[in-house]
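Enquirer: After the structure tokens below, expect a handful of questions from me.
The values are calculated or read from the model by the stated rules, or taken from the named source; none is laboratory data. Note that the structure is a prediction, hence the values are computed from the model and not measured. Neighbour counts run over all protein chains shown; Cβ positions are idealised from the backbone, glycine included. Only protein heavy atoms, including side chains, enter the accessible area calculation; ligands, DNA and RNA are left aside. Shrake-Rupley method; radii C 1.70, N 1.55, O 1.52, S 1.80 Å.
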Amino acid sequence: MNLSKRMIIDLRSDTVTKPTKGMLEAMMQANVGDDVFREDPTVKVLEKRIASMFGKEEALFFPSGTMANQTALKLHTSPGDQIICDKYAHIYNYESGGASFNSGVSCKLIDGNRGMFKAKQVEEVINPSDYWYAQASLVEIENTTNKGGGACWDFNELKKIRLVCDNNNLGFHLDGARLWNAIVAKNETTQQYGSLFDTISVCLSKGLGCPVGSILVGDSEIMKNAIRIRKIFGGNMRQSGYLAAAGLYALDNNIERLDQDHKKAKEIGEELTRLSIINTVEPIETNIVIFELNKDINEKEFVQNLADKNIHIISMGGGKLRMVTHLDYTNAMHEKLLNILKTLKF
Ligand SMILES: *Cc1c(COP(=O)(O)O)cnc(C)c1O
């Protein structure tokens, strides 16, 4: 049997990766303890290391990015408050309504471009202080933007938004599930993000290939209740050093290589652009490729046609299809995909 025929190419998300041998070995060797008693040495090392990467006083390990973000929203707000974010924001669209469920807040949505907006737009949506308005207490942004197709923010615009936050007494949270991708793509540093935001969540299980884990960073004052909120959300873990060890391994081995994922995504985009059945391919800055088919092409059939060739992609709704490159998307898979796209008959 031809092995390449059975090769399954899964581009639905960068979360489909499995730990490599090296990562599993690092996990096996982890020194662990009960983290509820704050006695897991490996978790402590990971938290210290991430905090210092961002120049922040504290970091806390979470089982998911959603929980890290939801904790941040809770830390920054009181019930009845308003969060200012983009209409594409993950915290608004893909966290099961958690902002209202957990924190009792509403979201004021900005009509941005690919998930990004301008400082001026923030100023425009801040409610007056009259008592009948909901009071804004937090601005939340995402870098890279997920629904926005892996787009990277202009750091100068973020600085301007920080000023708006300072002038209006608003917190500033960064959902950095794919911040590593932005930093590599734009040659930026964790320190510069740490100096701009009050809290940042970063993910270890997307681009970095860990099985589990996100971290929330911030200075001691804002982070004071983070561990209590994590407990309320049911996020306490015990010998989580096994997971933290995977995170430490990923920080050492899997950040710089993200540029390979970005290069592959661009090459996929170029091939898609050549296909007559495709209407638009959104600009590709990192590892996410979002495209739309021509109106006369049946989306379900197109996705199924690829699935029959062992290529898995997902629909984002609204006619948008998505491919995401990642650690387990090999050169051989890439070559095969490009060849299939070249000869795609539909
Ligand atoms: C995936 C993702 C999250 C949530 O992470 P989970 O670990 O799946 O809960 C948050 N924000 C963005 C932008 C994401 O892409």
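Enquirer: For segment 227-319, run through the GluC sites (Glu not before Pro) and keep only the ones in DSSP coil with at most 12 other Cβ atoms within 10 Å of their Cβ.
Expert: Sites meeting the loop and neighbour criteria: GLU256.
Enquirer: Ranking request for peptides 10-16, 233-239: highest mean number of other beta-carbon atoms within 10 Å first, then the rest in descending order.
Expert: Top of the packing list down: 10-16, 233-239.
Enquirer: Further, regarding this structure: Measuring from label point to label point, each 7 Å out along Cα→Cβ, what is the GLU188 to ARG49 span in nm?
Expert: 2.3
Enquirer: Continuing with the same structure: 222 nm [θ] for the chain, helices only, -39500 (n - 2.57) per DSSP H run of 4+, per residue, to 500?
Expert: Roughly -12000 deg cm²/dmol at 222 nm, from the helical runs in the chain.
Enquirer: Taking 0.36 nm per intervening residue step and subtracting the Cα-Cα distance, what contour gain separates ASN169 from LYS21 on full extension?
Expert: Length difference between fully extended and current span is 48.5 nm.
Enquirer: Can you tell me what share of the DSSP beta bridges in segment 31-253 is antiparallel? A percent to the nearest 5 is fine.
Expert: Taking every DSSP beta bridge with both residues in segment 31-253, the antiparallel ones total about 40 percent.
Enquirer: Over segment 31-253, give the accessible area per residue in Å² for a 1.4 Å probe, as an integer.
Expert: Result: 40 Å² of accessible area for each residue.
Enquirer: Here's a follow-up. Could you pull out every whole DSSP H run in the chain that spans at least 27 Å of Cα extent along its own axis and averages 0.5 or higher on the Kyte-Doolittle scale?
Expert: Span-like helices in the chain: none at all.
Enquirer: Once both labels are modelled 7 Å past Cα along the beta-carbon direction, what's the ASP130-SER106 spacing in nm?
Expert: 1.4
Enquirer: Once you sort the root eigenvalues of the Cα gyration tensor of the chain as a ≥ b ≥ c, which label holds: rounded (a/c under 1.5), prolate (a/b larger than b/c) or oblate (the other case)?
Expert: oblate
Enquirer: Further question: How much length, in nm to one decimal, is gained on full extension between MET7 and ASN31, taken as 0.36 nm per residue of separation minus their Cα-Cα distance?
Expert: 5.0 nm
Enquirer: Can you figure out the FRET efficiency of GLU57 with GLU157, using R₀ = 30 Å and their beta-carbon distance, to the nearest 0.05?
Expert: 0.70
Enquirer: Could you compute the FRET efficiency for LEU275 and SER96, with r as their C-beta to C-beta distance and R0 at 41 Å, rounded to 0.05?
Expert: 0.70
Enquirer: For LEU338 and HIS312, compute 0.36 nm times the residue count separating them, minus their Cα-Cα distance, and round to one decimal in nm.
Expert: Length gained, LEU338 through HIS312: 8.0 nm.
Enquirer: Within segment 47-141, what whole-number % of the accessible surface is contributed by carbon and sulfur, with the 1.4 Å probe and all protein chains included in the calculation?
Expert: About 51 percent, which is the carbon plus sulfur part of the accessible surface.
Enquirer: Beta carbons within 10 angstrom, averaged per residue: use that to sort the peptides 306-319, 177-190, 112-125, 60-73, highest first.
Expert: Ranked from most to least packed, the peptides come out as 60-73, 177-190, 112-125, 306-319.
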